[in-house]
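Heads up: the structure comes next, in structure tokens.
The values are calculated or read from the model by the stated rules, or taken from the named source; none is laboratory data. Remember, it's a predicted structure, so these values are computed and weren't measured experimentally. Backbone-built Cβ (ideal geometry, glycine too); neighbour counts: all protein chains shown.
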Amino acid sequence: MALSLLTTCEHNIDADLVRTKLESEGITCFLHNENVNNLLPHHNQFLGGGVRVMVMSEQLAQAQEIIGEFHSKTSCPSCGSINLRLIKQPFKSILNAIMIGLFLIPAGKQKMHWVCKDCGESFKD
């Protein structure tokens, strides 16, 4: 009984919408990092990059089909896949990263981009 990553949502509301849709279709799913994302929203980029929607491995293909119809706002422009990973761009300077880490200063809106796990294409929303 293994879990597989279906998608990663930047906000809890998006993850809850995905979970609700999947559960209405009879697919068991779990949200990972939901509480951390609620409690420490400014430190999200350090702690995992959003809320992960996890499904049972044997239900992954069915969940991808459902979520493709429902959650089609982000897909790979090259191959159309929704099997994406959200990647953060590294900090511009080492000093900036040290200051944020030492003094727990919120990093603000860090630039993010998507990478397709199927074809390797990198793109922004």
Any hit, the stretch 75-90, residues being touching a His at 6+ places or on another chain (Cβ under 7 Å), aliphatic (A, V, I, L, M) and modelled with pLDDT of 85 or more: no
For residue 35: the one exception among (1) under 13 Å from the mean Cα position of the chain (by Cα); (2) at pLDDT 75 or above; (3) outside any strand (DSSP E or B): (1)
First in the stretch 38-67 and over 27 Å from residue 26 (Cβ atoms) and small (Gly, Ala, Ser), second anywhere and modelled with pLDDT of 75 or more and assigned to a loop (DSSP other than H, G, I, E, B), Cβ under 8 Å, 6 or more apart: 48/33
